[in-house]
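Participant: Here you go, one structure.
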Amino acid sequence: MSFTLAIVGRPNVGKSTLFNRLVGKRLALVDDTPGVTRDLREGDARLGDLRFIVIDSAGLELAEDDSLQGRMRRLTERAVEEADICLFVVDARVGVTPADEIFADILRRKNANVILAANKAEGNAGEAGALEAWSLGLGEPLRISAEHGEGMDDLYHVLRPLA
Ligand code: GDP
Ligand code: MG
């Protein structure tokens, strides 16, 4: 038995960086340009002794009447539907944005099984932003650093019961 994990969240929070860390190959495009991943990408992830499928989704942006953003939103919803569990990533350095809040509502509306992660929290960075993420009402935010590999043990312990 394994499971599928979808990494979701607005652009630039570090979804593709986390995907690459879990998959161990540079399959997903990482870029400083917000929203550079426009598609769903699937890979075989390993974390400790866990093996699972991971999906890197496009982020959700909020501008109305924009077909690209509508498409990104639909892609994200598709990722949620294909996954057993969603890892909702926010940026601990930025804190909770209106986009994050609307995204949280979408995840709730879809009845998604959600793990909340506050990324870019390496060292002592992002303490306030990670605390702020409690306000999303999705439980305890895991403090992680996709880039530096911090918090992966906590992620392991949350995912372990699903395997
Ligand atoms: P995505 O749009 O959510 O897929 O985000 P990306 O993975 O493309 O990352 C966006 C930017 O955030 C890139 O410049 C990454 O190098 C940076 N980034 C990702 N994870 C971390 C992290 O843990 N710490 C820091 N400081 N930067 C990160
Ligand atoms: Mg990306």
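Participant: When Cys86 is evaluated against the numbered criteria (1) surrounded by 14 or more Cβ atoms within 10 Å (Cβ to Cβ); (2) on the phi < 0 side of the Ramachandran plot; (3) assigned to a loop (DSSP other than H, G, I, E, B); (4) modelled with pLDDT of 60 or more, which criterion, by number, is the only one it fails?
Facilitator: Every condition holds for Cys86 apart from (3).
Participant: For the range 9-23, which positions are more than 7 Å from ligand 1 (Cβ to nearest atom) and modelled with pLDDT under 90?
Facilitator: Within the range 9-23, just Arg10 meets the criteria.
Participant: Continuing with this model, one more query. Does Ala63 count as at pLDDT below 95, away from ligand 1 (no atom under 13 Å from the Cβ) and in a loop (DSSP other than H, G, I, E, B)?
Facilitator: Details: at pLDDT below 95: yes; away from ligand 1 (no atom under 13 Å from the Cβ): yes; in a loop (DSSP other than H, G, I, E, B): yes.
Answer is yes for this residue.
The values are calculated or read from the model by the stated rules, or taken from the named source; none is laboratory data. These figures come from a predicted structure and were not determined experimentally. Backbone-built Cβ (ideal geometry, glycine too); neighbour counts: all protein chains shown.
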